Amino acid sequence: MNMWKIMKEPKWIGFHLLTLIAFLTCIQLGFWQWDRRHRVDEISNLVTFSSRSFIYAFQWWCFAAFVIWFWHKFFKDEYLVRIGKLERNENEKK
């Protein structure tokens, strides 16, 4: 049994969709924040640079990477449980 076979099981489709939505949302929010790093001041009409928005953009992209890491780790652990190399927690057995 391989990990990809587990991912194709129908009961995991919702998890895949939720992961995809979370990933795309984080990427989109990162680009939105990236666009906000240069703002026009309404009073003086000067373009200002926002270092906060600049850093928040990278933060959103890190969240997107974490979503993918979590998705991979979740299925790797499920695979290891099914082949007997990892035991489930007592609370998970119920």
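The values are calculated or read from the model by the stated rules, or taken from the named source; none is laboratory data. In this text, all values refer to a predicted model and were calculated from it rather than measured experimentally. We place every Cβ from the backbone using ideal geometry, glycine too, and count neighbours over all the protein chains shown. Accessible surface is based on the protein model in full, side chains and every heavy atom, while ligands, DNA and RNA are left aside. Shrake-Rupley method; radii C 1.70, N 1.55, O 1.52, S 1.80 Å.
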Hey, MET7 hits all of (1) in contact (Cβ under 8 Å) with a residue 24 or more places away in the chain; (2) more than 30 Å from VAL81 (Cα to Cα) but one; which does it fall short on? (2)
Being out of contact with any Phe, Trp or Tyr (no Cβ under 6 Å at 6 or more places or on another chain) and either open to solvent by 90 Å² or more (accessible area, probe 1.4 Å) or part of a loop (DSSP other than H, G, I, E, B) (or both) is the requirement here; does TRP12 meet it? no
Matching residues, the range 22-45, being surrounded by fewer than 16 Cβ atoms within 10 Å (Cβ to Cβ) and either charged (D, E, K, R) or in a loop (DSSP other than H, G, I, E, B) (or both): ASP35, ARG36, ARG39, ASP41, GLU42, ILE43, SER44, ASN45
Look at THR48 and say whether it is touching a strand residue (DSSP E or B) at 6+ places or on another chain (Cβ under 6 Å), open to solvent by 60 Å² or more (accessible area, probe 1.4 Å) and of a type in the set (Val, Ile, Thr). yes
Which of the following residues is assigned to a helix (DSSP H, G or I) and farther than 27 Å from TRP4 by Cα: PHE58, PHE66? PHE58
